[in-house]
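Some notes on the structure that comes next.
Bear in mind that the values in this text are calculations on the coordinates, not laboratory data. Please read these numbers as outputs of a predicted model, since none were measured by experiment. We place every Cβ from the backbone using ideal geometry, glycine too, and count neighbours over all the protein chains shown.
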Amino acid sequence: MNKWFKSGSPWIWLSAGGVSLSLISVLGLLWLIASRGLSYFWPAQVHQFELMDNQGNASTVIGEIYDRESIPSQQLVHLNLDLDPSEETVERLLIKTGNRELVSLDFRWILVPEITQQSTPEKLVVVERRTNGNFYGFIEAVIQDGKSVSIDTLPSLLTRVLELQDKIETLQKVEIGAINYQLERLRLRERKHKLQETLTLDRAQDIANEVAILQAKYQVLEKRLLALRDETARDQIKLRAMDDQIVTVSFADILKVTNNNQMNSFEKLMMFFSQIAVFVSDDPREANTEGGVFPAIFGTVLMVLLMTVIVSPMGVIAAIYLHEYAGNNALTKLLRIAVINLAGVPSIVYGVFGLGFFVYMVGGSLDQIFYPETLPSPTFGTPGVMWSAITLAILTLPVVIVSTEEGLSRIPAAMRHGSLALGATKVETLWRIILPIASPAIMTGIILAIARAAGEVAPLMLVGVVKMAPNLPLDGNFPFLHLDRKFMHLGFHIYDVGFQSPNVEAARPLVYATALLLVTIIISLNMTAVSIRNKLREKYRMLEH
Amino acid sequence: MSIALKSVGIRQVKNSLAKWLITLGGISVLFTLVLIFMYLLYVIKPVFESATISPVASFAIENEQQVLATGLDELQELAYTINTSGNINYYALKPDHQILTDDKKVALTFQESISDSKITNVIDAGENYKLLLDENNHVFLISPKFQTSYDTGAREVIPHISYPLGEESIAVDEQGAEFTHLSFAMNDEKAVFIGFTQDQRLIKTTLIAEDDFSYDPSYEIEYQTIDLSTNQVDEVLVTPDLAMAFIQNGDQVLVFDLSDDSDVELKATIIPQLAQSREKPMHITAMALLSGGSSVLLGDSNGKVSQWFEVATDNGRQFKQIRTFNVSDTEAVRQIHTEQFRKSFYTFTDSGEMGTFYTTSEADLWRGNLTNNIPDSFVISPRSDGLLMFTNNQFQLFSVKNEHPEVTWQALWQEVWYEGYPEAEYIWQSTSGSDDFEGKFSLVPISFGTMKAAMYAMLFAVPIALTAAIYTAYFMTPGLRKKVKPTIELMEALPTVILGFLAGLWLAPIIETNLPAIALLFIMLPISVFITAFAWHNLPKELKAQIPETWAPIILIPVLILVAYLAFALSPVMETYLFGGDIRQYITNDLGIDFDQRNALVVGIAMGFAVIPTIFSMAEDAIFSVPKHLTSGSLALGATQWQTLIKVVLLTASPGIFSAIMMGLGRAVGETMIVLMATGNTPILDWSIFQGMRTLAANIAVEMPESEVGSSHYRILFLAAFVLFIFTFVFNTLAEFVRQRLREKYSSL
């Protein structure tokens, strides 16, 4: 034993334990996010519990099992339950009961010993709604235009309403949105002329005419919108909740009616995929706690693309300078320290810098010069997608530099010498020989920068991200790309929904799903970058021999 | 030939052009870093500048009567005088936006008559109220106001007088005696006069609004006489909240409680310790109320000003001397003027030397002689950015640049005694619901929080990261290393917002309900590793060959998972038998430790995970690149693997490991999202593992979006960012420097 200790073997095992722990935490973390995130999409069984509490009151609870945990029975002593005294722990279940209009909390804990009967009735349906969350209950009647009809007509009635809803949405967002946008532009044009004192009578008349035309158009559209809305409210569905209350839900409010308990595995799988599709393509509902995350995905992608456009040339040029041009002098050393420090400065500091310098100083000046007509409401003097992209470009600059430089340093000197010996100038060598060979390394750097930017939240909170952006930064209104707009971001969405939302419990699965989406994007970006880099290393190794 | 030459020429031009462009691009990286540094400094700088006072205008006015009081509008465009004939005369300070020169006389632009009888005294009653006393002992209350109008197309400032208590005179004294001292304060429901009459009565007169003074000046009047054991009164002051009256009686100040309408009681007596030198008699020479009315400032003949306010002590609430300011070494303090909205005050001594001070930050902002003697009238502009002095029918207007008097290096890093607090403390509290709130900006609690979070994270991360790095670099087979290293480094790519979210919403509740399990894990995990190692050691040879020691990390994974599962299964049992069924109750009640759900333990673990890959990756590189001939030599001389590791490898790689830890620390210090989400963000000074903290970075993220641009708060948040910047700059540069040295050492070996 003593000898064994002296050999150092236990310490070697202990250090091996460090590796195991790290591996467990990485893989465990990924598994946790994946399992929780994916289970959000899987149609859950809906249970009906018959409960009997210690006073002999019977009640029924219907809902999905959300969580289960065991607690020491001593913590429940004050409830005076007649529990099995030999059991030290009691299991309890968290049930998502939905039906927010009937009960104040759509979650409740039930103790397993109180359950007298548990079943999964086939007739139980889950109604996904636009407001008030899910409804769990039994369909009592389907009412078409005031008359009760067979339940079988439900799918066709629902399809009709959903088509109407699509029309409403296009009308509202695209057509009416465009008119509002044009009206606002006209108002600004008028104000601009007023400020510059060039508002002649003709111009004023022109603007007034245009406004009148637009408003007439708006009247027509609004009428159509109201008619469509009336159409959607034609049919209703009568539902019986767990406490036998009858609730009438208008079709206008319904997104989906599913019969989770009747589904076979294949149907569940199909639903699983359709839920994922809805999640990535839909707008959020109910203060971001329901629905999809499409605007957040869109915002993240657009911001990252803008950033890439800025950071790529800057990073590559800096790397070329450091590797190809810089002499071995104090300036180069300083530059290298600058690169290291840019990589090490906390991201929030970039946020503070971006807010002060870009938003207030540069943006404020731009507003003074180019957009005096909108003042005092700022155009670029407020956080927005452009400032976010620029701020993150500085933040990810060292990533591109380091990666590109590594690629450059692996190119064998013989290739440079060959090119120069054949009479090419230095820049020709760079452009024709070096950069094409180094392009995978540059690609790696850019991908790593994108992965970093996609996950960064702290600076964005200061320079442009919002919890709910009314408009996407890219739309059908001229000039199409609105760099001054605020945007939504997946990472911030996680923070906001997980920590700022009014109903954290209900929002939690959605946060896991969003986290899974973000992690998937970032991990796959990273893996791509790493595999490109590894291939490149192999290639250079072959070039050297 | 010529074509070829030309093309060579163009190519050369292109070549050098590219060179210049690329050089420029390269240097721009350095430029960016310098820009960030300079910009942060540029925003912070005004905070530490002391006040500057510069003359704007000086001019004489024509006036037959003696001027009793002067005043100024908010934008310093109009000044007014109240003279003995009861007229208010207005003078434009910036006619046609021209600066007035010395010899220019300014014409009267507007006149308004208040009273027909001769005014004998004007008392400044704070908040833009003036009390006018005439020769018949009538008292008038006026409030000169200014309105901006655009009716004529251009901007005009129109003065008018409002009478909050009616245009009629107020019968302040029942007997109509003359006042030697009078003080006044009012709110919407009540107005209170405290006066001392010629016939030596101290009286309190209360006007109770019939409805609301903000729109209806009618009132009922109540008279009281306050018992006073002496008949000497040198000064009378009423606090704006109508709660207290300060009566200076020689070298002591009597404080009366006014909160009970029917009974005015002597609450306390302030007796400053004046006797410091025997040669000169020491007296109170000036008294003033600080903005907000909780503090009283006393100036003495020794040139000192002391601040006093009520403090909760063991013997109830008592007035205490909080701090003193040395105004002059030779002269007495004659006058103290306080600002309306900030805790600043101005002093005058006999020679007319003026001093500007800020109480809370103990800032000595400005000193000097603007005039040769004490001005007849001295007005601080409502926005505290200008001073108006009046002496011998001569106006002097000064602009004051003093935007951040509440911030000094001392106030940021030392204990500060705020009004209403029992003692000096380190407090960060930037905003509050109430209007007269004073921002409390001590960087100590949030810097402390940063340190605490970083420390717990490092405590957790360093052992795991270093052991993992040692094993991966030194013991692991190349095949396994190729897979393990990128897997652990993958963790670095995980967005911290996800780690923070998991820490706050998943880990924190788990830790809270399974505290015994977490404690158990810290003991059982290492023990289980040893047991496994010993078990493997005693395996039969054939089995050992099948499961080589190099598989240790893989063998340990199921063991560790099993141990963790066991610990969690045992947790409720332990809770029942050791901690009376509820460990949270046990910690709060029996141990007396406050317990937050989102505490330092959660942050330590979550941020530890964020830091592990940084430290692991760099330390692993350092250990792996220790030249092989060193280890081979050691092993050949008979040292065991472990001895070689400790004595040769780690020693050689120690600078690299050091720089890895530095980098990790830099990351932990600047991390925002994890702390933001995994702590309660309360700025407290407590090392307890069961309590949260607020860090510099999280503080910026929380408060920056709401802070007003250019305010002290905004600039202090920039200072916090600057502190972070410098912190990480030092760590990173040091780490990089050490690494460079190490690289040179390796290449020379």
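Just to confirm a number: summing +1 for Lys and Arg and -1 for Asp and Glu over residues other than A:SER9 whose beta-carbon lies under 13 angstrom from that of A:SER9, what do you get?
Residues near A:SER9 contribute +2 overall.
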> Can you give the Kirkwood hydrodynamic radius of region B:559-698 from its Cα pairs, in Å with one decimal?
Replying inline: 18.7 Å
> Can you give the net charge of the other residues whose Cβ lies under 11 Å from the Cβ of A:MET386, counting K and R as +1 and D and E as -1?
Replying inline: +1
> Loop-only check: which GluC sites (Glu not before Pro) in region B:369-455 are DSSP coil with at most 12 other Cβ within 10 angstrom?
Replying inline: B:GLU423
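R0 = 56 Å: FRET efficiency of A:LEU105 with A:ASN534, Cβ-based, nearest 0.05? Present the calculation step by step, with values, prior to reporting the outcome.
On the way: r = 52 Å, r/R0 = 0.93.
My answer for the efficiency is 0.60.
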> Along region B:545-559, what does the Karplus equation 6.51 cos²θ - 1.76 cosθ + 1.60 (θ = phi - 60°) give for ³J(HN,Hα), rounded to whole Hz, x for Gly and Pro?
Replying inline: 5, 6, 10, x, 5, 5, 8, 3, x, 6, 4, 6, 4, x, 4
>> Apply the a/c threshold of 1.5 to the C-alpha gyration tensor of region A:45-119 and tell me whether it is rounded, prolate or oblate.
In response: prolate
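Relative contact order for chain A using alpha-carbon pairs under 8 Å, separation at least 6, rounded to a whole percent?
Averaging sequence separation for qualifying contacts and normalising by length gives 15 percent for chain A.
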>> Please compute the contact order of region B:183-311 in relative form: average sequence separation of alpha-carbon pairs under 8 Å and at least six residues apart, divided by the residue count, as a percent.
In response: 15 percent
> Based on the Cα atoms of region A:276-359, what semi-axes does the equivalent ellipsoid have, where each is the square root of 5 times one gyration tensor eigenvalue, given in whole Å with the largest first?
Replying inline: 39, 16, 10
>> Charges at C-beta only: +1 for Lys and Arg, -1 for Asp and Glu. How large is the resulting dipole of the protein assembly as shown about its Cα centre, in Debye rounded to 20?
In response: 10040 debye
> How high is the relative contact order of region A:274-394, given as a whole-number percent (alpha carbon pairs under 8 Å, six or more residues apart)?
Replying inline: 25 percent
>> As I understand it, the dipole of chain B uses +1 on the Cβ of Lys and Arg and -1 on the Cβ of Asp and Glu, about the Cα centre. Which of B:SER294, B:ILE142, B:GLY25 lies farthest toward its positive end?
In response: B:GLY25
>> For A:THR89, what residues show an amide H to amide H distance below 5 Å, using hydrogens built from the backbone and excluding near sequence neighbours?
In response: A:SER73
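Starting from the alpha-carbon convex hull of region A:1-71, give the projected area averaged over all orientations, in nm². List each step's numbers first, then the result.
Working: hull surface 37.9 nm².
So the mean shadow area of the Cα hull is 9.5 nm².
What Kirkwood hydrodynamic radius, in Å, does chain B give when the mean of 1/r is taken over all pairs of distinct Cα atoms and then inverted?
Taking the inverse mean of 1/r over all distinct Cα pairs, chain B comes out at 32.5 Å.
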> Taking Rh as the Kirkwood radius computed over C-alpha pairs, what is the Stokes-Einstein D of region A:155-272 at 25 °C in a medium of viscosity 0.890 mPa s, expressed in µm² per second?
Replying inline: 133 µm²/s
>> From the Cα trace of region B:641-749, what convex hull volume per residue do you get, rounded to a whole Å³?
In response: 144 Å³
> Can you give the Rg and Dmax of the protein assembly as shown based on its C-alpha atoms, in angstrom?
Replying inline: 38.4, 120
> When the Cα centres of region A:382-425 and region A:1-76 are compared, how far apart do they sit, in Å?
Replying inline: 45 Å
> Rg/Rh for region B:698-749: what does it come to with C-alpha atoms and Rh from Kirkwood?
Replying inline: 1.36
>> So if the hydrodynamic radius of region B:523-639 is defined as the Kirkwood radius over C-alpha pairs, what does Stokes-Einstein give as its diffusion coefficient at 20 °C and 1.002 mPa s, in µm² per second?
In response: 113 µm²/s
>> Quick check: pseudo-label points 7 Å beyond the Cα along Cα→Cβ at B:LEU566 and B:VAL8, how many nm apart are they?
In response: 8.3 nm
> Quick one: Debye curve from the C-alpha atoms of chain A, no solvent, what's log10 I(q)/I(0) at q = 0.06, 0.08, 0.09 Å⁻¹?
Replying inline: -0.48, -0.79, -0.94
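Where the convex hull is taken over the Cα atoms of region B:395-554, what is its projected area averaged over directions, in nm²?
Details: hull surface 73.8 nm².
Mean shadow area of the hull around the Cα atoms is 18.5 nm².
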>> Tell me the Kirkwood radius of region A:93-203: reciprocal of the mean inverse pair distance over distinct alpha-carbon atoms, in Å.
In response: 19.7 Å
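Among the listed pairs B:LYS483/B:LYS541; B:LYS267/B:LYS320; A:LYS167/A:LYS223; B:LYS204/B:LYS267; A:LYS426/B:LYS19; B:LYS628/B:LYS745, which are separated by more than 18 Å between their Cα atoms?
Numbers: B:LYS483/B:LYS541 28 Å; B:LYS267/B:LYS320 13 Å; A:LYS167/A:LYS223 13 Å; B:LYS204/B:LYS267 16 Å; A:LYS426/B:LYS19 9 Å; B:LYS628/B:LYS745 14 Å.
Beyond 18 Å: B:LYS483/B:LYS541.
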> Counting every Cα pair in region B:166-229, what percent are over 13 Å apart?
Replying inline: 62 percent
> For labels at B:ASP594 and B:SER747 in the simple 7 Å Cα→Cβ model, what's the distance in nm?
Replying inline: 5.4 nm
>> In chain B, once you exclude exposed trypsin sites (Lys or Arg not before Pro) (DSSP loop, at most 11 other Cβ within 10 angstrom), what's the longest stretch remaining?
In response: B:279-749
> Which FRET efficiency, nearest 0.05, do B:LEU685 and B:ASP257 yield, Cβ-Cβ r, R0 45 Å?
Replying inline: 0.80
>> Just to confirm my numbers, what's the Cα centroid distance between region A:524-539 and region A:192-254 in Å?
In response: 52 Å
> So what is the 222 nm mean residue ellipticity for the protein assembly as shown from helices alone, if each DSSP H run of at least 4 adds -39500 (n - 2.57) and you divide by all residues, rounding to the nearest 500 deg cm²/dmol?
Replying inline: -15000 deg cm²/dmol
>> Suppose each label sits 7 Å from its Cα in the direction of the beta carbon; what would the B:THR330-A:GLN196 distance come out to in nanometres?
In response: 6.6 nm
> Within the P(r) computed for region B:413-493, what percentage of the Cα pairs occupies the region above 14 Å?
Replying inline: 75 percent
> Restricting attention to the alpha-carbon atoms of region A:317-384, what are Rg (one decimal) and Dmax (integer), both in Å?
Replying inline: 17.8, 53
> Based on the Cβ-Cβ distance of B:LYS541 and B:ALA639, what FRET efficiency does E = 1/(1 + (r/R0)^6) give at R0 = 22 Å, to the nearest 0.05?
Replying inline: 0.35
>> Bin width 5 Å, origin at 0, all Cα-Cα pairs of region B:202-348: what percent of pairs per bin?
In response: 2, 9, 17, 20, 18, 15, 10, 6, 3, 1, 0, 0
>> If you average the C-alpha positions of region B:646-674 and of region A:432-483 separately, how far apart do those two centres end up, in angstrom?
In response: 31 Å
> All other residues with a Cβ under 10 Å from the Cβ of B:GLU310 taken together, and with Lys, Arg as +1 and Asp, Glu as -1, what is their net charge?
Replying inline: +2
